Every structure is written in C-alpha cells, then in structure tokens.
Amino acid sequence: KMEEQGNKIRILDRDTINKIAAGEVIERPASVVKELVDNSIDAGATEIRIEVETGGKHSILIRDNGCGMSRADALLSYKKHATSKLTRIEDLDTVSTMGFRGEALASITAISKVEILTRPKEEITGTKMVIHGGKVLETSDAGTAPGTSIHVKDLFYNTPARRKYLKSDRNELAHITDTIMRLALANPGISFTLLSEGKQIIRNTGSNDLFKSLVNLLGPDTARSMMPLEYRTEDFEIRGYISKPEAHRGGSDQLYVFVNTRPVTSRTISTAVREGYYTKVPKGRYPVAVLALTLDPGEVDVNVHPRKAEVRFSQEKEVGNAVVRAVEKVLSEHGLAPEVREKE
Ligand code: ADP
Ligand code: MG
C-alpha cells in the first residue's frame, strides 16, 4: 500500500524497536557478562561465579550471593527502564552504582532465552522466571540459595544479523576474560570465578589486597615489576600500581583504569600515563598500569556511552596533569625518573 502512495517512512513495530535497542547495549557475549556482573556488584555480592560455554554464545550462567529480588521486583526487573538505582535525572550526579539505566535485563531478555532464579535472604522461597525473546513463559516459586542466578542461553537467537558478527569461541572468550579481569581488578574485595567449558580461567579470592589480585590476574612476573602509586589532590585520589619502564608491552590494553571502581577507558588518562614515562618507554610500547581514581561522582560523566565505557571528567585537564605527576613521582622515587625536560 505504501508503495502505491509513494511513501517510504513507517514506524517500526515494537519488537523490532526492542531488538535494535538491545543491540546498542549488547554487542557480544562479553557485554552480557559485563552487565550481569555489574548487577551482581550493585546487589552487594561478595562472590560472583561466571560459567560460559562456546565463548558465551550458547550459555552464560552468572550466580551471585547478593541481595536477591522479591517476586514483585523480579517481575519488573526485565522491563525497559525498570531500575532500583535512579529515580530522577538529578540522581545522575550522585549515582555510585554500576548500572542506572534499567536497560540491561530488558536488552538481554529481548535477544536470548533467560532463566532467572532469585531470592532475598529474608524470604523462604525464591522466584523462577523464564523469559524467551522478551516474553515471560514461566513465573513460579523455586527453592534457591539467597542471591541471584541468571542463565542466558542462545544469545542473538532471534537477531541473526547480530549473530553473524560474532567471532570465534576463542575470540569471544578472550573478550569475556578481559571483562572479568578488569572487574576483578576494580573490585579486589569481591571473589570472582570464571569457568569456560568447566575449566577454571580466572579465580580471584576477594582478599581485598590489590597486590594479591595483580599476582593472581596479571601473573607473578608482571606483578613483581609493578610499583605502588598513591597520589592525592584536593579533588581526587589516584591509587594503583605501575610497571617499571623496562616492563613495557606491545598493546595499550595493559592499562587498567577504574573511576569510582568502574572499569573505564579515558583517552586523557592513557595519554597521561605515557606522558609520565616520557621517553623511558619506547614509541609504540606501553607500560602496564592499574589506576583507580576516586572522585566526586558529580565530577565525572559516565553517561556519554551506552555501554558506559568512555568517561569524561569535568576537570579533564586537571585529571590528566595529576596522572602525569603521579607517574613521574613514582618513577623518581624509584630512581627511574625521566631525564629532565622543559616544563611548559
Ligand atoms: P540497572 O542495573 O540499570 O538498574 P538492569 O536492567 O541491569 O538495570 O537491572 C534492573 C533491576 O533488576 C536492577 O535495578 C535491580 O533492582 C534488579 N537486579 C538485576 N540484577 C540483579 C541481581 N543480580 N541481584 C539483585 N537485583 C538485581
Ligand atoms: Mg544493570
């Protein structure tokens, strides 16, 4: 009919809208892992276990010992814009949770087959929900340990265009491993276990000791080449570890940056780290660095990216300068100071 009239524009149906929106948040299995682990962290979990099969394409199972959900909350949790973490736009200035958009569960359940088992500690029975492609197939009482377990099967089963872009199992698993590495380094007080095809890939006990986590996650050799860093200004605090200049690597992915415990990327910070080493690290090579920034949540915008990866600071330049100075300070304390240079 539309062709007869020569019209081209039409409003997409709800199902298509939901699938497109879901694709913005969920790009690959690692995005599911990140969103679900974020939720477990927000739920106050101290133990998070992740089991994946075929790089997460066929199965991702996440179990936490967090606060769990009541029946009523579970029934709302998978709906779009359903969140317990934000009520007004002003809350964005103080939000300290990993999530706040109420999009993750809605997106994941729209494009996979999900089973949720959840129980708050103080309740006797838990809730089981089965949701396929956004449709609830089952809601029932279920016996389950306190906390939440979410099983995501057949990701993108109803969005073949997306499924086509998935890489090999190995490649997708590498993304998942990197995601958990970053989350574990950002939260050394939480115990993380990652299994793939039943085999343990990551185990960090949640000792709350960042150095132990470095040994565990980056390996003892890398950990031994790292020097502690602590730097404070009036407005923020930087803590972490940076490698001796000679322990450089080929890729910039050896930089682990956390802002208020959220793993992020920040061009300002990666540039500043390299700048701090000045000529001590050859061009095209990168030091290993784990940096945790703490600052007023109102001074950082985590809302710039749907997946909340790239952050912006209201004092971008000051943050950059502080990182440069923090790195320089550690290097000079260890007699590794870059040769004197002109300060602009
Ligand atoms: P957001 O994290 O932005 O609030 P989500 O779609 O990720 O949105 O989750 C929706 C809501 O479901 C959360 O606000 C939270 O109340 C609840 N929820 C999700 N996962 C868990 C979990 N593992 N434990 C407890 N509650 C959860
Ligand atoms: Mg969330």
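The values are calculated or read from the model by the stated rules, or taken from the named source; none is laboratory data. Not measured: the values here are computed from a predicted model. Note: ideal-geometry Cβ built from the backbone for every residue, glycine included; neighbour counts use all protein chains shown.
Rundown of residues vs (1) under 27 Å from Ile48 (Cβ atoms); (2) in the same structural domain as Asp296 (by TED's automatic domain parsing), yes/no style:
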residue: Gly219; (1), (2): yes, no
residue: Gly240; (1), (2): yes, yes
residue: Ala247; (1), (2): no, yes
residue: Tyr256; (1), (2): yes, yes
residue: Pro263; (1), (2): yes, yes
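Restricting attention to region 69-79, the residues being small (Gly, Ala, Ser), within 15 Å of ligand 2 (Cβ to nearest atom) and touching a residue at least 40 places away in the same chain (Cβ under 8 Å) number 1. Residues in region 45-63 that are of a type in the set (Gly, Ala, Ser), under 17 Å from Leu117 (Cα atoms) and either near ligand 1 (Cβ under 10 Å from one of its atoms) or not in a strand (DSSP E or B) (or both): Ala45 only. If Tyr278 satisfies all but one of (1) at pLDDT 90 or above; (2) in contact with a Pro (Cβ under 8 Å, 6 or more places away or on another chain), what's the number of the condition it fails? Condition not satisfied by Tyr278: (1). In the condition set (1) surrounded by fewer than 15 Cβ atoms within 10 Å (Cβ to Cβ); (2) in a loop (DSSP other than H, G, I, E, B); (3) more than 15 Å from ligand 2 (Cβ to nearest atom), Glu27 is compliant with all but (1).
Of all residues in region 80-96, count the ones that are more than 13 Å from ligand 2 (Cβ to nearest atom) and assigned to a loop (DSSP other than H, G, I, E, B). Total satisfying the criteria: 4. Within region 64-79, the residues that satisfy the criterion of being surrounded by 15 or more Cβ atoms within 10 Å (Cβ to Cβ) and either in a loop (DSSP other than H, G, I, E, B) or not assigned by TED's automatic domain parsing to the domain that holds Ala106 (or both) are Asn65, Gly66, Cys67, Gly68, Met69, Ser70, Tyr78.
Considering region 106-143 alone, what residues qualify as being without any contact (Cβ under 8 Å) to a residue 60 or more places away in the chain and hydroxyl-bearing (Ser, Thr, Tyr)? If the condition is that a residue be without any contact (Cβ under 8 Å) to a residue 60 or more places away in the chain and hydroxyl-bearing (Ser, Thr, Tyr), then Thr109, Thr118, Thr125, Thr127, Ser140 are the ones that fit.
Within region 6-29, no residue satisfies the criterion of being farther than 20 Å from Asn158 by Cβ and within 16 Å of ligand 1 (Cβ to nearest atom).
Of all residue pairs spaced 6 or more apart or on separate chains, those with beta-carbon atoms under 6 Å, a first member in region 258-282 that is outside any strand (DSSP E or B) and a second member that is among the charged types (D, E, K, R) are Thr268/Glu316; Gly276/Glu328.
Checked against (1) exposed (fewer than 14 other Cβ atoms within 10 Å of the Cβ); (2) within 17 Å of Leu61 (Cα to Cα); (3) within 17 Å of the chain's Cα centre (by Cα), Ser191 meets all criteria but (1).
Among the residues of region 46-57, none qualifies, meaning not one is within 15 Å of ligand 2 (Cβ to nearest atom), touching a residue at least 12 places away in the same chain (Cβ under 8 Å) and either surrounded by fewer than 16 Cβ atoms within 10 Å (Cβ to Cβ) or assigned by TED's automatic domain parsing to the domain that holds Asp301 (or both).
Would you confirm whether any residue within region 260-274 is at pLDDT 85 or above, exposed (fewer than 14 other Cβ atoms within 10 Å of the Cβ) and of a type in the set (Lys, Arg)? Checked against the condition, which is being at pLDDT 85 or above, exposed (fewer than 14 other Cβ atoms within 10 Å of the Cβ) and of a type in the set (Lys, Arg), region 260-274 yields at least one hit.
Does region 215-224 contain any residue that is assigned to a strand (DSSP E or B), charged (D, E, K, R), at pLDDT below 95 and more than 23 Å from Val95 (Cβ to Cβ)? Within region 215-224 (the criterion being assigned to a strand (DSSP E or B), charged (D, E, K, R), at pLDDT below 95 and more than 23 Å from Val95 (Cβ to Cβ)), the answer is no, since none of the residues qualifies. Scanning region 99-112 turns up at least one residue that is crowded, with 18+ Cβ neighbours inside 10 Å, acidic (Asp, Glu) and within 12 Å of ligand 1 (Cβ to nearest atom).
Of all the numbered requirements in (1) out of contact with any helix residue (DSSP H, G or I) (no Cβ under 7 Å at 6 or more places or on another chain); (2) closer than 18 Å to Lys113 by Cα, Ile41 misses one, and that requirement is (2). What residue, among those in region 225-241 that are of a type in the set (D, E, K, R) and assigned to a strand (DSSP E or B), is surrounded by the most Cβ atoms within 10 Å (Cβ to Cβ)? Going through the qualifying residues, I end up with Arg239.
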